[in-house]
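Please read the structure below before turning to the comments.
The values are calculated or read from the model by the stated rules, or taken from the named source; none is laboratory data. Computed from a predicted model, the values in this text were never measured in an experiment. Cβ placement follows ideal geometry from the backbone for every residue including glycine, while neighbour counts extend to all protein chains displayed. Just the protein is used for accessible areas: all its heavy atoms, side chains included, with ligands, DNA and RNA removed. Shrake-Rupley method; radii C 1.70, N 1.55, O 1.52, S 1.80 Å.
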Amino acid sequence: MHNGGENIVFADEIVKKVCVERYDTDGDGELSYKEASEVTSIARRFFNAPGNQDYRNDVKSFDELRHFINVAEIEETAFNQCRNLTSVMLPEGLASIGRYAFSRCESLTGVTIPENVTWIDEYAFSHCSSFTEIILPEGITEIAAGTFAHCKNLLHIVIPESVTKLGSTAMNQCVSLKSIVLPENLTEIGDYAFLNCYDLTSVTLPKNLTTIGEGAFYTCRSLSSIRIPDSVTSIDYATFSGCT
């Protein structure tokens, strides 16, 4: 356990600068573990610091985020377009990740999502083009629209049994994804969920699935067969169009 007076040592000076500007309550030019523990959410456009200085392209790592132990929410667009961010460690108490929170973090190779997270909002990790693997925690019930859209190097995703809905364009343009097993409790695949997943060869649909949305597998041109369970009552327009 850290003494409240100890200061966090930041690997990235830009991250330190922004955190001190936002949260240094005693004015000593440092951020203590105690000061970090008083933060409950990470604000929108976090690296657009006070004074409107835009540091998004300067940030490279923020592993010290794990010391913000009472942060429950990362707000929408918090790290959006931090294109050179390669590493971030999320706090264990985190419960929700907002819309576009990590969108276009193109150098981020992956992120460990804490077990307490129950909600990831739309497009939260879209265009994270260096992602190769994602493991989602139990407790998430929906993969929202566009969550992993344009993650072009994503090879593997683990979806927990708690997920009942896959939102529209959720995996759109995951062009390197080759196979996916959808959880047994999933009932709905949204519109264009797997649009342009060109390398997708294997999809296992669950026995409780009822709805496959419009264009859900549109232009999945490597998909040669799929078994549709008896539970399905609706297959929408152009669902398998372009599956050549």
Is it the case that E64 is touching a residue at least 24 places away in the same chain (Cβ under 8 Å), open to solvent by less than 30 Å² (accessible area, probe 1.4 Å) and either among the acidic types (D, E) or under 25 Å from K207 (Cβ atoms) (or both)?
yes
Check on C174, under 18 Å from A144 (Cα atoms) and either of a type outside the set (V, I, T) or out of contact with any His (no Cβ under 6 Å at 6 or more places or on another chain) (or both):
yes
In region 30-62, what residues are in a strand (DSSP E or B) and of a type in the set (A, V, I, L, M, F, W, C)?
I42, A49, F62
Give the residues of region 79-97 that are surrounded by fewer than 22 Cβ atoms within 10 Å (Cβ to Cβ) and out of contact with any Pro (no Cβ under 8 Å at 6 or more places or on another chain), sorted by residue number.
Q81, R83, N84, T86, S87, M89, A95, S96
In region 112-145, how many are in a loop (DSSP other than H, G, I, E, B) and either of a type in the set (S, T, N, Q) or open to solvent by 20 Å² or more (accessible area, probe 1.4 Å) (or both)?
15
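Can you find a residue that is open to solvent by 10 Å² or more (accessible area, probe 1.4 Å) and among the hydrophobic types (A, V, I, L, M, F, W, C) anywhere in region 180-191?
Yes, region 180-191 has at least one match.
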Look through T211, T164 and report the one residue that is over 28 Å from C105 (Cβ atoms), touching a residue at least 12 places away in the same chain (Cβ under 8 Å) and in contact with a strand residue (DSSP E or B) (Cβ under 8 Å, 6 or more places away or on another chain).
T211
I need a count of the residues in region 111-141 that are within 12 Å of the chain's Cα centre (by Cα) and at positive phi.
2
Just checking, which of D54, D24 is modelled with pLDDT under 95 and either open to solvent by less than 30 Å² (accessible area, probe 1.4 Å) or not aliphatic (A, V, I, L, M) (or both)?
D54
